[in-house]
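The values are calculated or read from the model by the stated rules, or taken from the named source; none is laboratory data. All of these numbers come straight from a predicted model, not from anything done at the bench. Cβ atoms come from the backbone with ideal geometry, glycine included; neighbour counts cover every protein chain shown. Heavy atoms of the whole protein, side chains included, go into the accessibility calculation; ligands, DNA and RNA do not. Shrake-Rupley method; radii C 1.70, N 1.55, O 1.52, S 1.80 Å.
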Amino acid sequence: MNLAGLSLDNIPPLRTPLGFFLLAPVFGMLAALVLILDPGALSSRWQPGMLAFTHLLTLGFGAQVVVGALFQVLPVISNQAIPAGATLAPWIRAALGLGAFSLALGFISANGWLFALALGLLGAALGTFGAALALGVSRIRPWRDSSRGVALALVALITTLVLGAVQASPRFAPELGLYRLQQTDLHALWGGLGWCLLLIMAVSYQVIPMFHVAPAFPARAAQWLPSALFVALLTTSLAEAGALENLALGVGLLLCLLYGATALYILSRRKRKLVDYTVRFWQLGLVHLLAVSLLGLYGLGTGGTVDSRWMGLAWGLGFVGSVMLGMLQKILPFLIYLHLQRAWMKNPMSSAALPNMKSLIPTPASRRQWQFHLSALGGLYGALVWPVLTPLAGALLFADFAWLTRCLHQAHGRYQTTLDSMTAAGEPAPCNNGDR
Amino acid sequence: MSTITDIMTHEHRHCDDLFTAAEGAASEQNWAEADGAWTQFRDALLTHLAREETVLFPAFESQTGQTQGPTAVMRMEHQQMRALVEEINEALRNRADEEFLGLTETLMVLMQQHNMKEEQILYPMSDQVLVADSQLLEQMRQVTTA
């Protein structure tokens, strides 16, 4: 048997995922500031403020978290690391952050140069990341359900980016005439149902059973769900507007329902019944997934339209945002612990006491995060009904992300303090010395 | 005949059951039950680790000629788990529920990501390179630490 290249210890340096996680909430706070400063932002999906808000959350917060998490998760679910991850990560992070910021400014100022700059930066960041990820995924042997999900999510990300660039093209290259109104819906569909949901599916197959001692997802469903969802999206995109498009979208939404219901059921069968805010965030997110899917199906079935602002908010912050917040409560403490323990094992004479996971993000801090997130969601839904509440909703959302920032920095601070105490008094520096 | 993957994965699930029982009891401060369940878990875990380190890994290493590959990483992670088990023993003796639950949370995640690598990669590879004959399986069964 050829074992060359097989390593069960491919985890990246802590600074690789952590850099993304620490930067991400800043964009959440910026998105919240948009609502505070522009009380009319939520009045329509086409409002410049709404577009800036949406992209600060999806590209600024969401993409930073997802890219950071993928650097960490790929080696765990597949034993393959993202090639040159540690070198590429700071550049990708900077370009992604600047790109998201320029895009938001572009929407607000309607400045074509900012759009061109944003697309250049985002294309470079996500293009480089996508290429490195694709190379990593192509080396996975044997191929598993999670690997397939990640690969399909990657294609969805590229599609989302291309459609986004096409829709933004009138801002900086109107002569190309590429803009079509309905392509905005496809851009949102590929971003939401494609990139986000496919990735959440792939990761949940591994992490829900792993972190919560729950049963595995049914093997057959885990195998075909991502592919079926991808085909439904592709058919929706390629079909002419009409019956086939609606049918494909309906099938896609039914698959979302199936996934959401299965994941909720599996969580309910978990053996670990302790109070765990990661589980609550998952449940909140999955209930939102079910609600959006049902609303979408209702809209398709009745031929009516469902307000896209509700759908977008429930999907983006209710489903995807909740899952991300929940996962961060678990992943970050574990990563910090893992790196500290490895440092300690290289330096066993150190008297430093290792913090356990719950002392890195304590349960009361997770509880507070949960409360802030529920308040922010409530505030935002309220603001859709009573627009006068928009600045208040912005303030609640700001608190949600500010609390996350505080928790992440406190955990990181604890990491540095412990590492410092290990390397103090002339003890040899541990292997992870560069991980700050 | 059962494969190495089947047998060892079954041991992981058994450890999970004992672990969750101990953790659940400690969270309710039911210390008598927590003591019993934790002792059972600890014995099952340490026996499982010893079976791998003294029988399975050496067989895998001698068949593949690799001693610094996947098995070395698994041995290192076993060390990490043992260190945590020691700390948890101490927390349990002191009836320090917060400390106990913080440490068990850590051990649980460490154990699960370790198990995933074994179940998805190492055991299937072992099934390919080793003949899971009755002798090897019997050798593993004979290892106990309790």
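Annotations
- In order along segment B:94-101, phi translates into HN-Hα couplings of 7, 6, 8, 5, 5, 5, 4, 6 Hz, rounded to whole numbers, per the Karplus curve 6.51 cos²θ - 1.76 cosθ + 1.60 with θ = phi - 60° and x for Gly and Pro.
- Remark: mean inter-chain Cβ contacts per residue of B:5-17 equal 1, using a 10 Å Cβ-Cβ cutoff to other protein chain atoms.
- Förster-model FRET efficiency, 30 Å R0, residue B:138 and residue A:345, C-beta, rounded to 0.05: 0.35
- Estimated at 0.36 nm per residue, the fully extended path between residue A:113 and residue A:384 surpasses their Cα-Cα distance by 94.4 nm.
- Neighbouring partner chain Cβ atoms per residue of B:108-117, average, 10 Å criterion: 6
- For chain A, alpha-carbon Rg and Dmax in angstrom: 21.5, 73
- For chain A, the mean residue ellipticity at 222 nm estimated from helices alone is -25000 deg cm²/dmol, where every DSSP H run of n ≥ 4 contributes -39500 (n - 2.57) and the total is divided by all residues, rounded to the nearest 500.
- Peptides A:377-389, A:45-57 ordered by packing proxy, namely the average of other Cβ atoms within 10 Å per residue, highest first: A:45-57, A:377-389.
- Treating r as the C-beta distance of residue A:374 and residue A:273 and R0 as 30 Å, the FRET efficiency rounds to 0.90.
- Convex hull volume per residue for segment A:284-396, taking Cα atoms only, in Å³: 108 Å³
- For segment A:298-337, a reduction of at least 30 Å² in accessible area between the chain on its own and the assembled protein chains (probe 1.4 Å) is found at A:334, A:337.
- Rounded to whole Hz, the Karplus (6.51, -1.76, 1.60) HN-Hα couplings of segment A:378-393, x for glycine and proline: x, x, 5, 4, x, 5, 5, 7, 10, x, 4, 7, 3, x, 5, 4
- One Cα centroid belongs to segment A:114-192, the other to segment A:76-91; the line between them spans 19 Å.
- Solvent-accessible area buried by pairing B with A, both sides, nearest 100 square angstrom, 1.4 angstrom probe: 3100 Å²
- Between A:136, A:106, A:177, the GNM of chain A built on Cα springs shorter than 10 angstrom shows A:177 fluctuating the most.
- For peptide B:120-127, the mean count of partner chain Cβ atoms within 10 Å of a residue's Cβ comes to 3.
- Global geometry of segment B:4-130, whether rounded, prolate or oblate, following the gyration tensor of its Cα atoms and the 1.5 cut on a/c: prolate
- Value at 222 nm in deg cm²/dmol, rounded to 500, when DSSP H runs of n ≥ 4 in chain B each add -39,500 (n - 2.57): -26000 deg cm²/dmol
- Label-to-label distance, residue A:37 versus residue B:3, with points set 7 angstrom from Cα along the beta-carbon direction: 5.8 nm.
- Multiplying the residue separation of residue B:97 and residue B:127 by 0.36 nm and subtracting their alpha-carbon distance yields 6.7 nm.
- Within the accessible area of the protein assembly as shown (1.4 Å probe), percent carbon and sulfur: 62 percent
- Cα→Cβ-extended label distance, 7 Å offset, between residue B:39 and residue A:417, nm: 3.7 nm
- Distance between the modelled labels on residue A:353 and residue A:308, one decimal in nanometres: 5.5 nm (7 Å Cα→Cβ projection).
- Taken one residue at a time, the phi angles of segment A:82-88 give Karplus couplings (6.51, -1.76, 1.60, θ = phi - 60°) of 6, x, 6, x, 5, 6, 6 Hz. Gly and Pro are set to x.
- Two-site FRET efficiency, residue B:81 against residue A:265, from Cβ-Cβ distance with R₀ of 30 Å, rounded to 0.05: 0.50
- Options A:335, A:357, A:324, ranked by Cα towards positive dipole end of chain A, top entry (Cβ charges): A:357
- Look at where the Cα atoms of segment A:285-356 and of segment B:55-105 average out, and the two centres are 28 Å apart.
- Annotation: extensible slack from residue A:258 through residue A:223 equals 11.3 nm (criterion: 0.36 nm per residue apart, minus Cα-Cα distance).
- Solvent-accessible area per residue in chain A equals 39 Å², computed with a 1.4 angstrom probe and all protein chains kept.
- Cα lying deepest toward the dipole's positive end in segment B:4-130, options B:129, B:18, B:111, charges on Cβ: B:129
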